[in-house]
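Q: I am attaching a structure below and will ask some questions about it afterwards.
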Amino acid sequence: MKPLYILGLAAFLPLVAASGASVAQEVASLDPLPLVQPYGPRDAAGVGFAEQLYLQRPVVVFADSPADPNFIRQMELLARDLPALELRDVVLVTDTDPGAKTEWRMKLRPRGFSLVLMDKDLKPVIRKPLPWEVREIVAAIDKFPLRRQEVLERNPAGR
């Protein structure tokens, strides 16, 4: 009985080899996948204000210049723990050009350095005139009503 199985499988072997070659040709002919943008700060000019509504939680860092010591310090603090922010659907928006009059600047009206934490409904919840640690930002975000609702929806047993 076993020799019959071997003969049956041997009969299909050329078909499998031919289909494997055609699959390899199809894969080689495909365009490369689009590059996924790594998580990190994004310039305010490239991020639409209304596009973030109920999708991401903006954390906006304003400064009058990229050389502002508070701005540099804030960016260093944020770079230490980006995964914690990404886990909370945070989009980091930076705006260091007051002359550009971006949509973010027009809506939030910062003066000098400013850190603005917003919820997914795009309402500013917290404004800070000095840099904050990621630990403090994450703790504040976890207290937002929409964030608490998200956590309860993900883990209903935690009620």
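The values are calculated or read from the model by the stated rules, or taken from the named source; none is laboratory data. Computed from a predicted model, the values in this text were never measured in an experiment. As a convention, Cβ positions derive from the backbone with ideal geometry for all residues, glycine included, and neighbour counts pool all protein chains shown.
Q: Give the residue that is nearest to L82 (Cα to Cα), with candidates limited to residues of segment 107-141 that are aliphatic (A, V, I, L, M) and part of a helix (DSSP H, G or I). Give the steps one after another, and end with the answer.
A: Going residue by residue through segment 107-141, those that are aliphatic (A, V, I, L, M) are 108, 115-118, 122, 125-126, 130, 134, 137-141.
Then keep just the ones that are part of a helix (DSSP H, G or I); that gives 108, 134, 137-141.
On the way: L108: 24, V134: 8, I137: 11, V138: 11, A139: 14, A140: 16, I141: 14 Å.
Among those that are aliphatic (A, V, I, L, M) and part of a helix (DSSP H, G or I), it is V134.
Q: Considering only residues that are in a loop (DSSP other than H, G, I, E, B), touching a strand residue (DSSP E or B) at 6+ places or on another chain (Cβ under 8 Å) and farther than 14 Å from L115 by Cα, which ones fall in segment 41-83? Give the steps one after another, and end with the answer.
A: Applying the first criterion (in a loop (DSSP other than H, G, I, E, B)) to segment 41-83 yields 41, 47-49, 53-56, 63-68, 81.
Right, trim to touching a strand residue (DSSP E or B) at 6+ places or on another chain (Cβ under 8 Å) and you get 41, 47, 56, 63.
Those that are in a loop (DSSP other than H, G, I, E, B), touching a strand residue (DSSP E or B) at 6+ places or on another chain (Cβ under 8 Å) and farther than 14 Å from L115 by Cα: V47, Q56.
Q: For segment 57-103, enumerate the residues that are within 16 Å of I126 (Cα to Cα) and either surrounded by fewer than 16 Cβ atoms within 10 Å (Cβ to Cβ) or aromatic (F, W, Y) (or both).
A: Across segment 57-103, the qualifying residue is only F62.
Q: Another one. For the list (1) modelled with pLDDT under 95; (2) part of a loop (DSSP other than H, G, I, E, B), I need the number of the one condition that R148 fails.
A: Unmet condition: (2).
Q: It is to be established whether one or more residues within segment 117-133 are exposed (fewer than 15 other Cβ atoms within 10 Å of the Cβ) and at positive phi.
A: No: segment 117-133 contains no residue that is exposed (fewer than 15 other Cβ atoms within 10 Å of the Cβ) and at positive phi.
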